[in-house]
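The values are calculated or read from the model by the stated rules, or taken from the named source; none is laboratory data. Since this is a predicted model, take the numbers as computed values, not measurements. Every residue, glycine among them, receives a Cβ derived from its backbone with ideal geometry; neighbour counts consider all protein chains shown. Surface accessibility is based on the protein's heavy atoms, side chains included, excluding ligands, DNA and RNA. Shrake-Rupley method; radii C 1.70, N 1.55, O 1.52, S 1.80 Å.
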Amino acid sequence: MLQISDLRHRVRETAIARTGQARKSAILPLARFLLYRQESQRGYTVIRSIPLVFIGLTLAGCIEVTVVDAKTSREPRLLPPFEKVEASRGVAVTLRCGASASATLRGDLDDIANTELSVDKGVLTVRRASIFGDYHRTLHVEVTAPGPIVGIATHNGASLDAPACVLSGDRLTLDASSGSTIHLAADVRHLVADTDSGAAIRPLEGARIDAAEAEITAASGSTMRLCKVDHLTASASSGATLTTESIGSGDSRASSGGSLSMKKCW
């Protein structure tokens, strides 16, 4: 059976032969991290398959990884079209306007290798592939989209920033939970937004979230910050906070320690 030490040696020799000394500093730290051992209860040694594929593609030149400095690398990825974005497991996503869909990952090599980007039924999912790892390090993902984006969801400590140019002006759905955050600028006809478990939805600095009509649910210590809303249907409960510039027509209620308040945006 191929030993871990032999496999490491082969990857090291291949990296040197294929990339030369100029790329050695970028490839070998990645190989050393990814070829770690996980001991199961029966004592077998398991090597993770996804990172091995990443190493193979990197050595073959199929994935371009740029070393920015000693601790930061950058990797571009092309994406198929999408209209919704979901971010989770501590990633930091920034949406940008552009002619075609793409993404650029920025962070440690091991974090880049442990990040999944996939598009299924029009939904772009950005997340760490494994729930294990050094999560105090932030992985930044810049996503370019031609738009319009009609839905955004964040979970498990992820964050997402979105300018108005990439978002739908007709109908927009937002969902933030488990300590995650969404910052955006929007002027939309119909907004549906939910926050839960300490999550927050707020305007980008110096920007506004305006809606002709909004349906809002805030719960469990979460925060929702809107600006102008002509017709508001809202519920704030269990310590959640909902703040708008004014509470116009509609039905807005607070219960179980939730609060509704009015404050000017900018």
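Of all the residues that make up region 97-115, how many are touching a residue at least 40 places away in the same chain (Cβ under 8 Å), of a type outside the set (A, V, I, L, M, F, W, C) and in contact with a helix residue (DSSP H, G or I) (Cβ under 9 Å, 6 or more places away or on another chain)?
3
Restricting attention to region 170-190, does a residue exist that is among the aliphatic types (A, V, I, L, M), touching a Ser or Thr at 6+ places or on another chain (Cβ under 6 Å) and closer than 27 Å to K263 by Cβ?
Taking every residue of region 170-190 in turn, at least one turns out to be among the aliphatic types (A, V, I, L, M), touching a Ser or Thr at 6+ places or on another chain (Cβ under 6 Å) and closer than 27 Å to K263 by Cβ.
Every residue in region 202-254 that is of a type in the set (D, E) and part of a strand (DSSP E or B), please.
Scanning region 202-254 gives D210, E213, E215, D230.
Within the group D120, D108, D175, D161, which residue is acidic (D, E) and in contact with a Lys or Arg (Cβ under 9 Å, 6 or more places away or on another chain)?
Result: D108 is the single residue among D120, D108, D175, D161 that is acidic (D, E) and in contact with a Lys or Arg (Cβ under 9 Å, 6 or more places away or on another chain).
T154 fails exactly one of the following numbered conditions: (1) touching a Cys at 6+ places or on another chain (Cβ under 8 Å); (2) in contact (Cβ under 8 Å) with a residue 60 or more places away in the chain; (3) open to solvent by less than 40 Å² (accessible area, probe 1.4 Å). What is the number of that condition?
Unmet condition: (1).
Between a first residue in region 74-95 that is in contact (Cβ under 8 Å) with a residue 12 or more places away in the chain and a second residue that is in a strand (DSSP E or B) and open to solvent by 60 Å² or more (accessible area, probe 1.4 Å), which pairs have beta carbons less than 6 Å apart while being 6 or more apart in sequence or on different chains?
R74/R106; S88/R127; R89/R127; A92/H140; T94/E142
How about region 66-152: which strands (runs of 3 or more DSSP E) wholly inside it have at least 3 residues that are of a type in the set (A, V, I, L, M) and modelled with pLDDT of 95 or more?
The qualifying strands (runs of 3 or more DSSP E) are 91-97, 123-128, 139-145.
Residue by residue, here is whether (1) of a type in the set (K, R); (2) in contact with a Gly (Cβ under 7 Å, 6 or more places away or on another chain) holds:
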residue: A92; (1), (2): no, no
residue: A113; (1), (2): no, no
residue: D120; (1), (2): no, no
residue: L124; (1), (2): no, no
residue: R137; (1), (2): yes, yes
residue: S159; (1), (2): no, no
residue: G179; (1), (2): no, yes
residue: V188; (1), (2): no, yes
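For region 229-244, give me each residue that is surrounded by 17 or more Cβ atoms within 10 Å (Cβ to Cβ) and either at pLDDT below 95 or not hydroxyl-bearing (S, T, Y) (or both).
V229, L232, A234, A236, A240, L242
Condition check: under 18 Å from S235 (Cα atoms) and either buried (at least 19 other Cβ atoms within 10 Å of the Cβ) or among the β-branched types (V, I, T) (or both). Does I216 satisfy that?
yes
Residue by residue, here is whether (1) closer than 26 Å to L109 by Cα; (2) crowded, with 19+ Cβ neighbours inside 10 Å holds:
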site: R137; (1), (2): yes, no
site: V141; (1), (2): yes, yes
site: V150; (1), (2): no, no
site: S159; (1), (2): yes, yes
site: D175; (1), (2): no, yes
site: T195; (1), (2): no, yes
site: G198; (1), (2): no, no
site: I201; (1), (2): no, yes
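For a quick check of your reading of the model, give me the residue pairs whose first member lies in region 177-201 and is without any contact (Cβ under 8 Å) to a residue 12 or more places away in the chain and in a strand (DSSP E or B), whose second is surrounded by 22 or more Cβ atoms within 10 Å (Cβ to Cβ) and of a type in the set (S, T, Y), with beta-carbon atoms closer than 7 Å and at least 6 apart or on different chains.
none
Being out of contact with any helix residue (DSSP H, G or I) (no Cβ under 7 Å at 6 or more places or on another chain) and more than 20 Å from I209 (Cβ to Cβ) is true for just one of T138, T195. Which residue is that?
So the residue among T138, T195 that is out of contact with any helix residue (DSSP H, G or I) (no Cβ under 7 Å at 6 or more places or on another chain) and more than 20 Å from I209 (Cβ to Cβ) is T138.
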